[in-house]
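These notes are about the structure you will find just below.
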Amino acid sequence: MKIDLIKGHGSGNDFLVIDEITNAYSFSEEGRAEIARLLCNRSSDLGADGILFIMKSDHANGRMRVFNADGSEASMCGNGLRLVARYVCEMLGFKEAIIETMKADLKVSKQADIFPNVTTYQVEISPISFRLADLPLILNEDNLRNEKIPELSGELTFTALAVPNPHLISIVETDQIKSGIQKQISEKVNNPNALFPDGVNVSFVKSLSSGSIYVNTFERGVGFTNACGTAMSASSLVTCLQGLNDVDEIINVYNNGGKVQCVVHENDENYSIDLIGNATYLYKAEVEVDLGSKDFTVIWKEDFSEQDIYEKLQAEAQAYLRGTGL
């Protein structure tokens, strides 16, 4: 089977985008998982954190399904949604659109560049739940906000929330980020364990100044990534709950892949988050995929020229983080 694709990234979180709206592709459920495992393999000619399948929707402008590199399906992906937003808006000639995701129909829109000449989109992150059953997290309580989990750490406190994929957030100091404790905790909760039967995304968050934070995420099904859009959104919300930042105000969120902005909104303790950041295209390609032999060949590949511009944003973000000691 020949498949056309685009490789792009949001904050260095990279994906392969496959268009099922204008192409006559048809994949079985196992086929989607196998294609993700095959094409996302970092030792192959492509490699990515996941695949974004853009599909027709019977009520929205498009539908997004996200498959991680290990073949598991994610209910939501903020960085990936920005790429889908760009693809659908450019395909339709729209400035804004509605994208159907697993849990909700979400508003997306083209925005002013977050950095000169860096294509930027805003996407809605919702629904948001603090019910542990929605992650799930198996504890004898309904929610967990800035509390310890003795099985994981005697020192750190955690907040658990679904946005709608599961996140475990800890506000930490620089030395804790540089230690190996995040890796230890993340591997424990993403292997068979009694707390998180489906695994969880684990983020360590450092408050840098009012309106600025750093987020480092171990992503379920992927491992440590340059950035995770829903993790940065969830982390921004947690900092507002702890009084470190304010709702309805821009929060600059720095990550290992660059920088985004988040704005937390509250309505009677119901929250939504705007995630604003790059949607950068790296290349387009055509591949010949043979699922029977679990192999593929890149027929052709053509680079875009956007990454050089994005790297200027990345360099500025990294210089800022070095200045903070990270």
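The values are calculated or read from the model by the stated rules, or taken from the named source; none is laboratory data. As the structure is a computational prediction, the values presented were derived from the model and not from experiment. So basically every Cβ, Gly included, is an ideal-geometry build from the backbone, and we count neighbours across all protein chains shown. Each accessible area value is taken on the protein alone, full model and side chains, heavy atoms only, with ligands, DNA and RNA left out. Shrake-Rupley method; radii C 1.70, N 1.55, O 1.52, S 1.80 Å.
Of note:
- Where residue 281 falls short, out of the listed (1) open to solvent by 40 Å² or more (accessible area, probe 1.4 Å); (2) touching an Asp or Glu at 6+ places or on another chain (Cβ under 7 Å); (3) under 26 Å from residue 31 (Cα atoms): (1)
- So residue 224, is it open to solvent by 20 Å² or more (accessible area, probe 1.4 Å) and either acidic (Asp, Glu) or under 16 Å from residue 185 (Cα atoms) (or both): yes
- Among the numbered conditions (1) surrounded by 19 or more Cβ atoms within 10 Å (Cβ to Cβ); (2) within 22 Å of the chain's Cα centre (by Cα); (3) not small (Gly, Ala, Ser), the only one that residue 42 does not meet is (1).
- Screening residue 103 with (1) crowded, with 23+ Cβ neighbours inside 10 Å; (2) closer than 15 Å to residue 230 by Cα; (3) in contact with a Pro (Cβ under 9 Å, 6 or more places away or on another chain) gives one miss only, at (1).
- Test: residue in segment 54-73 that is in a helix (DSSP H, G or I) and either crowded, with 16+ Cβ neighbours inside 10 Å or among the hydroxyl-bearing types (Ser, Thr, Tyr) (or both): no
- Members of segment 188-210 found to be aliphatic (A, V, I, L, M) and surrounded by fewer than 16 Cβ atoms within 10 Å (Cβ to Cβ), listed by number: 194
- Among (1) within 22 Å of residue 230 (Cα to Cα); (2) touching a Lys or Arg at 6+ places or on another chain (Cβ under 9 Å), the one test that residue 136 misses: (2)
- Pair list, Cβ under 6 Å, 6 or more apart: segment 115-129 residue of a type in the set (D, E, K, R), other residue assigned to a strand (DSSP E or B) and open to solvent by 20 Å² or more (accessible area, probe 1.4 Å): 124/107
- The criterion of at least 2 residues that are under 23 Å from residue 309 (Cβ atoms) is met, among strands (runs of 3 or more DSSP E) falling completely within segment 86-152, by 105-111, 120-125.
- Residue 116 meets each of the listed conditions (1) within 16 Å of the chain's Cα centre (by Cα); (2) open to solvent by 50 Å² or more (accessible area, probe 1.4 Å); (3) of a type outside the set (D, E, K, R) apart from (1).
- Some residue of segment 211-219 being surrounded by fewer than 19 Cβ atoms within 10 Å (Cβ to Cβ), assigned to a strand (DSSP E or B) and of a type in the set (A, V, I, L, M): no
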